[in-house]
Each structure stands twice: as C-alpha cells, then as structure tokens.
1. Do we have K205 as open to solvent by 70 Å² or more (accessible area, probe 1.4 Å), of a type in the set (K, R) and modelled with pLDDT under 95 here?
2. Count, please, the residues in the range 148-181 that happen to be in contact with an Asp or Glu (Cβ under 8 Å, 6 or more places away or on another chain), among the β-branched types (V, I, T) and surrounded by fewer than 21 Cβ atoms within 10 Å (Cβ to Cβ).
3. Let me confirm something: among V210, V255, which residue is farther than 30 Å from L119 by Cα and either assigned to a loop (DSSP other than H, G, I, E, B) or touching a residue at least 12 places away in the same chain (Cβ under 8 Å) (or both)?
4. In the range 186-202, which residues are assigned to a helix (DSSP H, G or I) and either open to solvent by less than 20 Å² (accessible area, probe 1.4 Å) or of a type in the set (V, I, T) (or both)?
5. Looking for whichever is open to solvent by 70 Å² or more (accessible area, probe 1.4 Å), under 34 Å from the mean Cα position of the chain (by Cα) and more than 18 Å from H157 (Cβ to Cβ) here; the options are K251, K225. Which one fits?
6. Have a look at G175, G239 and point out the one that is without any contact (Cβ under 8 Å) to a residue 24 or more places away in the chain, on the phi > 0 side of the Ramachandran plot and over 24 Å from the mean Cα position of the chain (by Cα).
7. Does the range 135-147 hold any residues that are within 16 Å of F174 (Cβ to Cβ) and either without any contact (Cβ under 8 Å) to a residue 12 or more places away in the chain or surrounded by 13 or more Cβ atoms within 10 Å (Cβ to Cβ) (or both), and which are they?
Amino acid sequence: MVYFVATPIGNLKDITLRALEVLRSADVIYCEDTRHSMVLLNAYDIKKPLKACHKFNEREAAEKIISDAVQGKQVAVISDAGMPVISDPGNIVCEELKKAGVEYTVIPGANAALSALILSGLTCDRFTFVGFLPDKAGARKELLQKFKTVQSTLVFHVAPQDIAPHICSIYEVFGNRKACLVREITKLHEEAIPFMLADGFNGEKRGEFVLVVEGAEEEENPLCKLSEKEHILHYMSGGMSKKDAVKQAAKDRGVSKSEIYSFSIDL
C-alpha cells in the first residue's frame, strides 16, 4: 500500500495521529527534500529509510515506489509541507500507480490554501484553487485570462520574489479587486494582510505566501437592460410562444412569472 501523507505547513504540532502512525509503520518514506523531512521525523523520533521524490526525478521515483509496493512494502510519500501532489511533486506518481493498478490512499492534514482562504475573510462558500502562476509574463497573463470571469474566490501560491510582478499581472487582467496576502501560516509571524490590487502590496515579503483574490462580479444579462415588454418581445421574435417568453424573461431577471406577466397582456 502507498500512503500520501500530509505534513505540517509550519507548526510541527499540526500533524495527525494517523499520519504519525503511518510514518512509523512505513518501510520506506519518499520525500521532496530529505534534509527538510528529517526535521519533522526527528521531532517525532521516526527513523526510516528516506528516498527522494521531487520534480526532477518524479517519474523515476514512481517506478521505485511501484516496485516497493508490489514487493509488499508499506510506502509513505510526503512533501516538504502540506499535501503531496497539490502544488508539490506526486501527480506523476499517482498517474503511474493508477496505470500499474497499485492501491494508494491519502492521509489528510494541514493545507495552506484552505487555511489562507479562511484567514483572508473573503467569500469561502465557493473558491477556485489556481496554485502557482507561470514565471513568464506572457504565459501568466494567458492563464489569468481563463480565470478572469470566474465568480468564486481565487487562491494562488506565490513565492516572495514573485509577489510584485504577479500582483501586477493579476491587476492588469482582472482590474481592481479585493485581495489578501497570507503569510507564515501556523507560525509565530502569521499575518493576513488585505489590500486592493490597484494599490499593490507593500508589506513584508519574507516567508511562505498564499494570495487570495475575490472573484469576478456576476455579469448582468444584457437583455435585463431592456424594458420588461421589450425583453418578452425579444424571445417572441425568436420563435418562442408568449408563455415561454414570459417564463424565460422572468428567469433572466430573477423574478416570478406573475411579476412580469402583465407586460405581455397586449402582445
């Protein structure tokens, strides 16, 4: 069995009992950076063989993970912080495990994106996780165009050195919106700093960051700018019966049919 295990994103106490149980019983642990992972493992006196699984050797590591699992070994996969696969190595491993028919599961835990979303104070009922943006400005703006009209709150990972150029790109594509940079989540200097995209961010640029940006406003149906009678006539001229035209116009305007029926009586 292969286990993808979530690890703390800052505070080492943010690890589940189940995660510790899996790591202690694992025959081998694949990690993004062995030096980084040793800090966590040493804190809980876990002594296990460590093997590298990072973005430069992930396909090769996937073959070794499959081989270990087929041999009956219990394999744990972790990243430097948070959940493997999510903006971290592991996606290729999952794909190869599926192809090979090797069973795997997830041991959930700390998550920077969800924590930042809550700390931002922006709408949490619907959100879209974008992750890291491309380094090149052209590719970055091309990707952002795809999210310009998304009405849910948007969540980005951003490196400290990329904060200024990435906020600039987001502002150029999205226009002015509310935003919040959340840094050092679960650590001593945790902060959630709200700002407007047009103003840029002038705060501390050290640490681990998540950028949360409010979604696009709902676009008004252009037909709703017509009078009620014109709105109904628009659908009737397209072949709808008066009854169906009234029903559709009411739906467009978010009102009941009875509220606009009177405008159709003499049509």
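The values are calculated or read from the model by the stated rules, or taken from the named source; none is laboratory data. Fair warning: this is a prediction, and the values are worked out from it, not measured in the lab. With ideal geometry, Cβ positions are generated from the backbone for all residues, glycine too; neighbour counts draw on all protein chains shown. Remember, those area values only see protein heavy atoms, side chains included, never the ligands or the DNA or RNA. Shrake-Rupley method; radii C 1.70, N 1.55, O 1.52, S 1.80 Å.
1. On the way: open to solvent by 70 Å² or more (accessible area, probe 1.4 Å): yes; of a type in the set (K, R): yes; modelled with pLDDT under 95: yes.
It is true that K205 is open to solvent by 70 Å² or more (accessible area, probe 1.4 Å), of a type in the set (K, R) and modelled with pLDDT under 95.
2. 1
3. Working: V210 fails: farther than 30 Å from L119 by Cα.
The conditions single out V255.
4. Step one: filter the range 186-202 for residues assigned to a helix (DSSP H, G or I), giving 197-199.
The answer is L197, and nothing else.
5. Values: K225 fails: under 34 Å from the mean Cα position of the chain (by Cα).
Exactly one residue qualifies, and that residue is K251.
6. Numbers: G175 fails: over 24 Å from the mean Cα position of the chain (by Cα).
Exactly one residue qualifies, and that residue is G239.
7. Here is the first cut: in the range 135-147, the ones within 16 Å of F174 (Cβ to Cβ) are 137, 140-147.
Hits for the range 135-147 are A137, R140, K141, E142, L143, L144, K146, F147.
Here is a yes/no grid of residues against (1) more than 21 Å from A216 (Cβ to Cβ); (2) not acidic (D, E):
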{"position": "A76", "(1), (2)": "yes, yes"}
{"position": "P89", "(1), (2)": "yes, yes"}
{"position": "E96", "(1), (2)": "yes, no"}
{"position": "Y104", "(1), (2)": "yes, yes"}
{"position": "A110", "(1), (2)": "yes, yes"}
{"position": "A113", "(1), (2)": "no, yes"}
{"position": "L119", "(1), (2)": "yes, yes"}
{"position": "G131", "(1), (2)": "no, yes"}
